[in-house]
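Asks: Encoded as structure tokens, here's the structure I'll be asking about.
The values are calculated or read from the model by the stated rules, or taken from the named source; none is laboratory data. Just so we're clear, the structure is a prediction, and the values are computed from it rather than from any experiment. Here the Cβ positions follow ideal geometry from the backbone for every residue, glycine too, while neighbour counts run over all protein chains shown. Remember, those area values only see protein heavy atoms, side chains included, never the ligands or the DNA or RNA. Shrake-Rupley method; radii C 1.70, N 1.55, O 1.52, S 1.80 Å.
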Amino acid sequence: MLLTHKNTGLFWELQEYFEKLETANLSEERKLLLNSITEYIASKAAANYAIRLNFICTHNSRRSHLAQIWAQTAAAYFNIDEVFCYSGGTEVTAVYPMVITTLENAGFKISKENKLSNPLFKITYSETAPPIFAFSKKYSDAPNPKSHFAAVMTCGQADAGCPFVAGSEKRFPLLYEDPKISDGTPQQQRVYKERSEQIATEMKYIFSKIAL
């Protein structure tokens, strides 16, 4: 696949990784779900409103962080301004270490900012954009928004347990299989990479459809 040399501000290794993701193979059923999120983002952008997406999972340890980080990266790649991506859970745990390893392998630069049981990670994807600070939190905890946001449910348990997300304007079920099923197995690294790439590809699709 021929890579472009688009000036996105992303780290070059990360940009190469992102540009290789192929959206053409997404199923029509999946595209229907993704298109509904695209429509929400497009309507906000057209009205010059801030776009706030809160990705919600049970533990805020794997899928919700991957979705938050790839969505923010996709917005930067496609130069869509005023996009603010968040993540949260229905309970607090910690970002799972293999998530950090997987993102580093894709080209993100990550530092661990403390040694707490629920550590804070500084995740950088660009020389110019502000970093993402990742740690496990409830979806209603700071710094997550209290109103004027879309809730994107990334796991079935949170989707079933939170039929109503206070403060959200829209609620989208966008469920992913939990890579946790591979923890402690020889397949772990491969499974996390596959889930990360699936999420990244779908975020790429969503933001590629925004016409500004």
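Asks: Sort Val191, Val92 from largest to smallest accessible area, using a 1.4 Å probe on the heavy atoms of the protein chains.
Replies: Values: Val191 20, Val92 70 Å².
Largest accessible area first, the list is Val92, Val191.
Asks: Rolling a 1.4 angstrom probe over the protein heavy atoms, how many square angstrom per residue are accessible across the chain?
Replies: Numbers: 10220 Å² over 212 residues.
With the other protein chains kept in place, the chain gives 48 Å² per residue.
Asks: Continuing with the same structure: Using a 4.7 Å Cβ cut-off, which Cys residues in the chain lack a partner cysteine?
Replies: Singleton cysteines: Cys85, Cys162.
Asks: Summarise the accessible area of the stretch 89-212 (1.4 Å probe, protein heavy atoms) by the percent that is carbon and sulfur.
Replies: 54
Asks: Using a 1.4 Å probe on the protein chains only, how many percent of the accessible area of the stretch 1-77 belongs to carbon and sulfur? Don't skip to the answer; put the middle values down first.
Replies: On the way: 1760 of 3470 Å².
Carbon with sulfur: 51 percent of the solvent-accessible area.
Asks: Sticking with this one: Using a 1.4 angstrom probe with every protein chain in place, what is the largest-first accessible-area order of Met98, Met203? Please report the intermediate quantities before stating the final value.
Replies: On the way: Met98 35, Met203 5 Å².
From most exposed to least exposed: Met98, Met203.
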